[in-house]
Every structure is written in structure tokens, then in C-alpha cells.
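This report concerns only the one structure given below.
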Amino acid sequence: MASHLVLLLIISFVFSTSSSSPSPRFPRQTLQSRARTQPSRGGDRNSYRYETKYFSQQLDHFSFADLPKFSQRYLINSDHWTGASELGPIFLYCGNEGDIEWFATNSGFIWEIAPKFGALLVFPEHRYYGESMPYGNREEAYKNATTLSYLTTEQALADFAVFVTDLKRNLSAEASPVVLFGGSYGGMLAAWMRLKYPHIAIGALASSAPILQFEDLVPPQTFYDIVSNDFKRESSSCFSTIKDSWDAIIAEGEKENGLQQLSKTFHFCRALNSTDDLSGWLDSAYSYLAMVDYPYAADFMMPLPGHPIKEVCRKIDGASSDASILERIYAGVSVYYNYTGKVGCFELDDDPHGLDGWNWQACTEMVMPMSSSQENSMFTTYDFNYSSYKEDCWNTFGVNPRPRWVTTELGGHDIETTLKSFGSNIIFSNGLLDPWSGGSVLKNLSSTIVALVTEEGGHHLDLRPSTPEDPKWLVEQREAEIRLIQEWIRTYRLEKVAQFSLLKSSW
Ligand SMILES: *[C@@H]1O[C@H](CO)[C@@H](O)[C@H](O)[C@H]1NC(C)=O
Ligand SMILES: *[C@@H]1O[C@H](CO)[C@@H](O)[C@H](O)[C@H]1NC(C)=O
Ligand SMILES: *[C@@H]1O[C@H](CO)[C@@H](O)[C@H](O)[C@H]1NC(C)=O
Ligand SMILES: *[C@@H]1O[C@H](CO)[C@@H](O)[C@H](O)[C@H]1NC(C)=O
Ligand SMILES: *[C@@H]1O[C@H](CO)[C@@H](O)[C@H](O)[C@H]1NC(C)=O
Ligand SMILES: *[C@@H]1O[C@H](CO)[C@@H](O)[C@H](O)[C@H]1NC(C)=O
């Protein structure tokens, strides 16, 4: 059961009528481990030097129960830090749902600006991911609902707060300003941490952070509408071919030996057991393609050419005129799954780890309703069904979701009014090609809560290392981020200096 959960959630979301649980498509562990084994442009691990350390963390920050502590891994680099006496800043990347090394080595922007800021870099890992496992190991940590119950956003934020407070004390750097960074769920954590712990961090760069993808804050069809639009803007015939393919797949599957034929057409290693498996596999590719529709070649999830969706559509549209819909789809999706040309046959799901922590989070706090609309979507029409979502969560984890908890604990309703009069120093950066952008903050909320939006950007593209092919709008977005962060630090230091002279004058 476990090893297919991730896929099941995706499949049941779009294709099944009886049960359904959308699995939010943040980069998953499976793909991460694969990505890490490949030499990556700009993601070359040799260019990121850091020490790996461990910090003993409280398992439950919100009770005084006598629970075992756990080791939280963190990466640290002080090559460029100007030190405590200079109020040298501390840049903290809020680790998200995966191995922290993967996030650190895919966040070149932070490494590149460290010298300019004289910043200390720290990358604490999110609990229950990578090596930061409570109860000593993954198997124990993921055993059941009781052991998993400490995998929550508020515990993770408290980890970061406790961690950086202790780190500063050890470095006698209590007065150094902390700036938070994060992409995707990590960006949500960065924004939320700035709001929850304003005394601990002076500001946050929240890149591609869908903090509004909850309850009815944004229409549930937003995500799939954006994915679909990304394909439509390249080619309407490509969009239509994909839209027509779902029925073609089902029709083929109903034929005698149809599943066998489909397995052959799509070059699967093993025979398909259902057309849903195939549809889920395609759905997943399109969604990831929309996230990583970057303007230059990269291998964040998979090695891909620049503008990969354009490439997929070129294959779909450009197949020989007698090619069937399914042959076209195979040619297109091969750009995603087989760009290197080195894949002998496709595996449906090669997640060897089983249960994925994100699914637990999606079944508890991170309930992000998603639908697929009849009109604008190239996917099968589907209406989010909370009852069946809840049923799936109960069957899988023995837990009931709390879909309203995030907005109760962290806000979201009428965020404009709330944050205008309360928050400050947050950058919400988004690229509009990224399907998660629809759940993020795309408007300036105040003079210091700023939205930096790029029409042609993908999923936290701004956090990636610079490349010679960077388009002008990307260079400008990063420059704007640097200016804003400089301003936060400058203001903070002025206040510190003013306090200090006030103190001196009262001596
Ligand atoms: C979960 O596992 C722990 C450790 O083995 C055990 O003490 C606990 O009773 C289990 N909880 C449930 C709900 O099964
Ligand atoms: C601070 O120093 C103590 C004592 O050496 C150590 O146990 C702890 O892990 C350090 N904190 C961090 C965040 O490294
Ligand atoms: C189909 O089901 C069999 C038996 O459960 C399994 O071994 C096989 O891997 C499945 N095929 C695919 C493509 O997942
Ligand atoms: C991957 O691409 C290569 C080169 O085009 C091709 O020979 C191979 O059959 C493809 N693999 C799959 C699984 O389609
Ligand atoms: C939603 O799911 C529940 C539980 O699986 C089911 O009984 C109900 O018919 C579904 N509702 C719709 C509108 O499909
Ligand atoms: C928000 O304000 C900044 C200036 O601080 C500006 O560069 C940016 O374009 C504005 N964002 C939007 C979405 O209007």
C-alpha cells in the first residue's frame, strides 16, 4: 500500500469518481533523490561548501511531556560572514519537505548573494524529512498516527526559532539580524515564520509560496487552470490533443489486450494494470512541467530543455500526420521522462521509500482543495470532494484532516486587511507560469509586504543560481529582492545604533 500512496493520491484525484485525495505536487522525495544523483547545471554540489551539523531538538514544543529529543540536521557556511560585532546577517533557509541538501544546492541565489551581504548561511532541515527523523529512524517516525503527530508546520516553525536562537547565543550574535528564505512549502514557512516570530527574523523572501491555497481562499480549479493555460499558450492544438487523450486512453484500455497495447505504446517496463495508472503518470508530468517551465535548460525535477512545455508541444504537434493521439502523447511526455534518451523503459512509480511525509501533512493541516474545470482545463473534469478526501486520509493514516486549522493558526482570510495593518518585510515572489502562483500573494499589500511577479517565471526560479541565459526580467526580479533585503537590514541596523547611542547617553 505504502509505496503507491503518492501515486494513488494523484490518480484518485483526477480520475476516480468514488474516492479522491489530491496530493499537492510540491517536489517529492522520489524525484528529489533522483535529481540529486544527476550532475546538475548550477546545482553542482561542489560549488556549495558547507558543514553538516546536528542540533538536539524538542519533539513537542507545546507540551511538557517527557518525550525523546531528536537530531535536527543543519548545513552551515560562514565563509562570508562579517561576524557578530559587525551585526553580520544570518540567512536562514526554511527547510521544506525533503532532504535539506537538495534544497540548499538548488538555492544558488542565496549562496551568490552571501558575499555581498557578509551573511552567515544556515539551512536547517524540516523534521521528519532527510536525516532529521524523530525516534531515531524513518521507520519508527512514520510508524503510525501517534508517532507522526509531531509532524506539523507549527512544530517545524518552532524548531527553526529554537534553533536560530541557540545558534545566535553560541556565536554571541544575538543582535545579528536573521533573514528568512524559502521556496514552495519552504516559502510558506518563511512567510509564516516572519508573522509568528517577528522578534526572531527581520524579514522573509517567500518564493512561490501558496499560502492561500486553503479552504475557499482561491478557486479550487486555479492550479489545473494554470497548468492548462501554460500548454494552451504554446499551442491550442497541443492543449486539445491532451484534452482528448484521456478518453482515448480509456477507450484503448477497454479493448481486448488494450492495457497491453497501451503499455507497449508508452514503453512501460511492466504491463499496466489500469488506465488510471497511465493517466496519473501523465497528469503528474504535465503538472511538474508547468512548475519547471524555466527559460533555460535545468534539472530541478528532471533534466529538461529550456521552455520544456514548448518542446513537449512541438513533439505532440509535430508527430507525423498519421500518428494517433496516443503516439503523439507518448512523443510529448518523453520530453519530460526521457529527455536524456537514456531511459530503457518507464517505471510507473519508483518510490522505494513508501509513505511520504507530505501526504501526512496533506491529510492533517495542508488540505489544499483542487478541482479541474470543464471549460479551462485540459484534464478530466473533477470536483474536489472533501468527504472522500477525508475517507482516504482515515484509511491511509487513521487521521482526520483539520482543513480550517491553517487559516485559524496562520491566517489567510482577507490577508490584505490583516497584513496591511500588522505585518511587514515579506517578499512574495512568483512566476505566473507556476501553477502554485495562483495560491500565492500577487499584489502589494503594503509598502514592505511586496509582491514581485514575473509573467514568464516558473516555480521559485528566482532562488535558483544565476546563469548566463537569465532573461532580463529574472535579473531584475533578483535585483529587486536584493534591494529590499538591503533596506530591511539597513533599517534594522539604524535602529540598533540609535538604541545603543540612547543607552550611552543615559550612562
Ligand atoms: C504507534 O506506535 C507506538 C510505538 O510502537 C505505540 O506505542 C502506539 O501505541 C501506536 N499508536 C497507535 C495509534 O497505533
Ligand atoms: C550550541 O552549543 C551547544 C554546546 O556546545 C551545542 O550542544 C548546540 O548544539 C549548539 N547549538 C547549535 C544550534 O549548534
Ligand atoms: C500490476 O500489478 C502487479 C501485481 O500487483 C504488479 O506486480 C505490477 O508491478 C503492476 N504493474 C505496474 C505497471 O505497476
Ligand atoms: C528514450 O529515448 C531513446 C532515444 O530516443 C529511445 O531509444 C528509448 O526507447 C526511449 N525510452 C523510452 C522508455 O521511451
Ligand atoms: C463525495 O464522496 C463521498 C464519499 O466517498 C460520496 O459518498 C459522495 O457521493 C461524493 N460526492 C460527490 C458529489 O461525488
Ligand atoms: C510592488 O511594489 C514593488 C516596488 O516595491 C514593485 O516593483 C512591484 O512591481 C509591485 N508589485 C506589483 C504586483 O504591483
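On the stretch given as the stretch 154-182, residues that are touching a residue at least 40 places away in the same chain (Cβ under 8 Å) and of a type in the set (Lys, Arg) total 1. The set of residues in the stretch 316-330 being over 16 Å from residue 239 (Cβ atoms) and surrounded by fewer than 20 Cβ atoms within 10 Å (Cβ to Cβ) consists of 320, 321, 322, 323, 324, 326, 327. Would you confirm, using the coordinates I've provided, whether residue 217 is farther than 17 Å from residue 327 by Cα and touching a His at 6+ places or on another chain (Cβ under 8 Å)? Considered against the rule, which asks whether it is farther than 17 Å from residue 327 by Cα and touching a His at 6+ places or on another chain (Cβ under 8 Å), residue 217 comes out as yes.
Just to check your reading of the model, which residue among 298, 331, 290 is modelled with pLDDT under 95 and on the phi < 0 side of the Ramachandran plot?
After ruling out the rest, the residue left standing is 298.
Elements of the type helices (runs of 4 or more DSSP H) sitting completely within the stretch 375-455 and holding at least 2 residues that are away from ligand 1 (no atom under 16 Å from the Cβ), buried (at least 17 other Cβ atoms within 10 Å of the Cβ) and under 19 Å from the mean Cα position of the chain (by Cα): these cover 405-410. I'd like the full set of residues that are out of contact with any strand residue (DSSP E or B) (no Cβ under 6 Å at 6 or more places or on another chain) and not in a loop (DSSP other than H, G, I, E, B), limited to the stretch 55-77. The answer is 56, and nothing else. Pick from the stretch 254-287 the residues that are of a type in the set (Asp, Glu) and farther than 19 Å from residue 324 by Cβ: which of them is farthest from ligand 2 (Cβ to nearest atom)? Looking at residues that are of a type in the set (Asp, Glu) and farther than 19 Å from residue 324 by Cβ, I get 276. Contact map, the stretch 334-358: first residue closer than 19 Å to residue 306 by Cα and assigned to a loop (DSSP other than H, G, I, E, B), second residue away from ligand 3 (no atom under 16 Å from the Cβ) and at pLDDT 90 or above, Cβ cut-off under 6 Å, separation 6 or more or different chains; pairs are 339/303; 339/304; 340/303. Counted as qualifying within the stretch 219-322 are the helices (runs of 4 or more DSSP H) with 3 or more residues that are more than 16 Å from ligand 4 (Cβ to nearest atom) and either touching a Gly at 6+ places or on another chain (Cβ under 8 Å) or aliphatic (A, V, I, L, M) (or both), namely 222-234, 236-254, 275-291. Is it fair to say residue 167 is within 17 Å of residue 93 (Cβ to Cβ) and either of a type in the set (Ser, Thr, Tyr) or outside any strand (DSSP E or B) (or both)? Considered against the rule, which asks whether it is within 17 Å of residue 93 (Cβ to Cβ) and either of a type in the set (Ser, Thr, Tyr) or outside any strand (DSSP E or B) (or both), residue 167 comes out as yes.
Being farther than 21 Å from residue 435 by Cβ, free of Cβ contacts under 8 Å to residues at least 24 places away in the same chain and away from ligand 5 (no atom under 16 Å from the Cβ), is that true of even one residue in the stretch 275-293? No.
The values are calculated or read from the model by the stated rules, or taken from the named source; none is laboratory data. On a predicted model such as this, the values are computed, not experimentally measured, just so you know. Heads up, the Cβs are rebuilt from the backbone with ideal geometry, glycines too, and the neighbour counts pull from every protein chain shown.
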